[in-house]
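Here's the structure we're looking at; comments come further down.
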Amino acid sequence: MTASNSNMPEAPGSADAALRMALDEAQRVNRAKSEFLAHTSHELRTPLNAIIGFAEFLQIKAGARLDPRERGYLDDIVQAAFHLQAIIQGILDFSRLEAGQLPLSEEPMRLAETVEASLRLVRNQAESKRIGLTHAADPALRVLADPTKLRQVCTNLLSNAVKFTKPGGEIRVEAGEDESGPYIRVADSGVGMSAEDIERAQKPYMRVANNPFVAKESGVGLGLPIAKALTELHGGTLDIQSTPGEGTRITMRLPGARRLT
Ligand SMILES: Nc1ncnc2c1ncn2[C@@H]1O[C@H](COP(=O)(O)OP(=O)(O)O)[C@@H](O)[C@H]1O
Ligand SMILES: [Mg+2]
């Protein structure tokens with residue numbers, strides 16, 4: 001039976017009904033999974049905060065009494081714990097997003113501030129890889145959006161650009177607007193992706209597998225799906241253009257209606 005003939009009453013047990021039941025069930029299971037992940041990652045954060053807190057306390061209090069090797073171990077604990085914290089935060093954010101539990105908190109804001117705040121977070125890492133980081137953002141461009149969420153989108157895109165660009169490369173960030181509306185664009189001269197890779201990279205927990213440069217970088221494959229979901233929460237789109245070996249250009253576009261004058 002096709003859905004096009006809407007006059008026909010639906011027989012119970014028809015293919016349509018079975019399909020709908022299967023879909024409901026799949027959605028229910030997906031919701032349960034999201035709730036489980038949200039709950040678990042929340043529970044994991046409490047002991048992790050204790051590990052970070054006490055390890056940092058030891059760094060300050062006992063650091064001078066330790067030999068260099070022991071100090072190195074302590075630094076490793078702190079570093080690994082922060083890394084784990086970032087992963088857990090990602091899982092928590094994504095499961096909340098999937099469960100529809102992240103409401104938009106909109107206010108008038110400037111995209112230039114989003115760009116500058118995100119740049120501050122990745123500047124050290126870019127410098128240590130000798131990556132050139134330039135930006136251009138129109139300070140007069142104001143939009144109605146959720147500043148925390150847009151900062152996360154921009155930070156996720158930028159941290160990927162830094163991660164997947166080899167030493168000596170270039171990254172450029174722009175905030176502006178064109179006929180379709182306001183945008184933030186992050187372009188890098190990094191490893192790039194094929195069309196297939198781009199499809200894969202947008203799926204949660206998926207990373208581009210066959211690239212040794214990607215494999216040796218840490219990550220769980222949530223940065224891009226989170227950036228996409230947060231952009232879509234604003235009614236926007238994430239446009240990904242990439243060429244293997246040449247670089248990647250990702251544009252976060254907001255609907256024109258979000259532009260404030
Ligand atoms: N700027 C980029 N250049 C090349 N590959 C990228 C870029 N951004 C993302 N990718 C690819 O998309 C995958 C998914 O990105 P993301 O969800 O942020 O995961 P993660 O950073 O944890 O690997 C990455 O593992 C990488 O393969
Ligand atoms: Mg990432």
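Bear in mind that the values in this text are calculations on the coordinates, not laboratory data. Here the structure is a predicted model, which is why all the values come from computation and not from measurement. Using ideal geometry, Cβ is built from the backbone for each residue, glycine included, and neighbour counts are taken over all protein chains shown.
Classify region 9-154 as rounded, prolate or oblate from the Cα gyration tensor: take a ≥ b ≥ c as the square roots of its eigenvalues, call it rounded if a/c is under 1.5, otherwise prolate when a/b beats b/c and oblate if not.
Oblate.
Which loop GluC sites (Glu not before Pro) in region 90-197, with loop taken from DSSP, have no more than 11 other Cβ atoms within 10 angstrom of their Cβ?
Hits after loop and neighbour filter: Glu179.
Where a Cα-Cα gap under 18 Å defines reach, which lysines qualify for Lys129, not counting those fewer than 8 residues away within the same chain?
The reachable lysines, counting only those whose Cα sits under 18 Å from Lys129, are Lys163, Lys166, Lys216.
Suppose only helical runs count, i.e. DSSP H with n ≥ 4. What mean residue ellipticity at 222 nm does that imply for the chain under -39500 (n - 2.57) per run, divided by all residues and rounded to the nearest 500 deg cm²/dmol?
-17500 deg cm²/dmol
Helix 147-163 versus the longest principal axis of the chain: what angle, 0 to 90°, nearest 10, using Cα atoms?
Once rounded, the angle reads 70 degrees.
For the chain, take the longest principal axis of its alpha carbons; what is the angle in degrees between that and the long axis of helix 223-233, to the nearest 10 within 0 to 90?
Once rounded, the angle reads 50 degrees.
Rank these for me by crowding, Ile226, Ile184, going from fewest to most other beta carbons within 10 Å.
Ile226, Ile184
I'd like the Karplus ³J(HN,Hα) series for region 113-128: coefficients 6.51, -1.76, 1.60, θ = phi - 60°, whole numbers in Hz, and an x wherever there's a Gly or Pro.
5, 4, 4, 5, 5, 5, 4, 4, 6, 10, 4, 4, 5, 5, 4, 5
Taking other Cβ within 10 Å of each residue's Cβ, how do Phe82, Phe57 sort, fewest first?
Starting with the residue having the fewest Cβ neighbours, the order is Phe57, Phe82.
Counting only C-alpha contacts under 8 Å and six or more residues apart, can you give the relative contact order of the chain as a whole percent?
Normalised by residue count, the contact order of the chain is 16 percent.
For Arg20 and Leu121 in the same chain, what is the full-extension length gain: residue separation times 0.36 nm, less their Cα-Cα distance, in nm?
Length difference between fully extended and current span is 31.8 nm.
Of all trypsin sites (Lys or Arg not before Pro) in region 178-257, which ones are in loop regions per DSSP and have a Cβ with at most 15 other Cβ atoms within 10 Å?
Of the trypsin sites (Lys or Arg not before Pro), the ones in loops of region 178-257 whose Cβ has at most 15 other Cβ atoms within 10 Å are Lys216.
Could you work out how much longer the chain between Glu246 and Glu199 gets when fully extended? Use 0.36 nm per residue separation minus the Cα distance between them, nm to one decimal.
15.1 nm
Pull out the extension gain between Asn30 and Ile51, defined as 0.36 nm times the separation in residues minus the alpha carbon to alpha carbon distance; nm, one decimal.
Answer, rounded to one decimal: 4.4 nm.
May I ask you to give the average projected area over all directions of the convex hull of the Cα atoms of the chain, in nm² rounded to one decimal?
Result: a mean projected hull area of 19.4 nm².
Compute the signed sum of charges (Lys and Arg +1, Asp and Glu -1) over the other residues within less than 10 Å, Cβ to Cβ, of Pro139.
Local charge sum for Pro139: -1.
Could you give the Stokes-Einstein D for region 107-260 in µm² per second, using the C-alpha Kirkwood radius, 10 °C, 1.306 mPa s?
So the translational diffusion coefficient is about 103 µm²/s.
How about Lys33: which lysines have a C-alpha closer than 27 Å to its C-alpha, ignoring those fewer than 8 places off in the same chain?
Of all the lysines, those that pass the test against Lys33 - Cα under 27 Å, at least 8 places apart if same chain - are Lys149, Lys203, Lys228.
Report, to the nearest 10°, how far helix 68-98 tilts away from the longest principal axis of the Cα atoms in the chain, using its own Cα long axis and a range of 0 to 90°.
Here the helix axis deviates by roughly 20 degrees.
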